[in-house]
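Working notes, beginning with the structure itself.
Every number here is computed from the coordinates shown, using simple stated rules; none is lab data. Keep in mind it's a predicted model, so treat the numbers as computed, not measured. Don't worry about glycine lacking a Cβ; one is built from the backbone with ideal geometry, like all the others, and counts go over all protein chains shown.
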Amino acid sequence: HFQLPDWGSTATVLKKTYGTPQKFFATFASVKPAPVAPTVDNTDATSKAPITAQIGYNVHISTIGWQGEHYNGDLAGTTGRGLRIEALRVFSGDVEIIAQGHIQNVGWQDSQRGNNITIGTTGKAKRLEAIKLSLVNTSNTITYRVHVQDVGWMDWVSNGEIAGTVGQGKRIEAIEIKII
């Protein structure tokens, strides 16, 4: 969320100044997330750690297409609607990412590496079933979790661990990604 200074202001100035979200992120200093309200089962210890790099992502959802961009732990995708994620795009102006997706009837794709990468497929009606994400040449940690068909939210994993299922034919429906 950005507070614009004047009534009637638009994001046009930001777009003209920076061009892309990645270039805008590159101007950020270390950011700390908003405090997390205590809950009965707050097992996500990473939620209180400072964010030292920025991560953005969006997903391609069956019957919807590309969803808007999400950042630093926001939910991308849907829950409770039975819709599969078919592709995941991950980007950062701060760090280089390696990503790999496990696709319905395909298996593991080749790893993708860069600052703006996409895994999965579009236009083929194939579900993304599992992902692996890691960072290159940084002391930061990428942590992520997925919401899976008939399972719900799975545990947070990090640095190349598998999030999702392999060999079970279950779709990923939502994703959250953070860098700490």
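Some points to look at:
- Under the Debye formula (equal points on every Cα, no solvent term), log10 I(q)/I(0) of region 98-144 at q = 0.16, 0.28 Å⁻¹: -0.46, -1.07
- Counted residue by residue at 0.36 nm each, then reduced by the alpha carbon distance between them, the extension gain from Asn159 to Asn115 reaches 14.2 nm.
- Rounded if a/c under 1.5, otherwise prolate or oblate - region 77-180, Cα gyration tensor axes: prolate
- FRET efficiency, Ser139 to Lys15 (Cβ-Cβ, R0 45 Å, nearest 0.05): 0.90
- Cβ-placed point charges (K, R +1; D, E -1), dipole of region 75-126 about Cα centre in debye, nearest 20: 300 debye
- Extending 7 Å from the Cα toward the beta-carbon at both Ile64 and Asn105 defines two label points whose distance is 2.4 nm.
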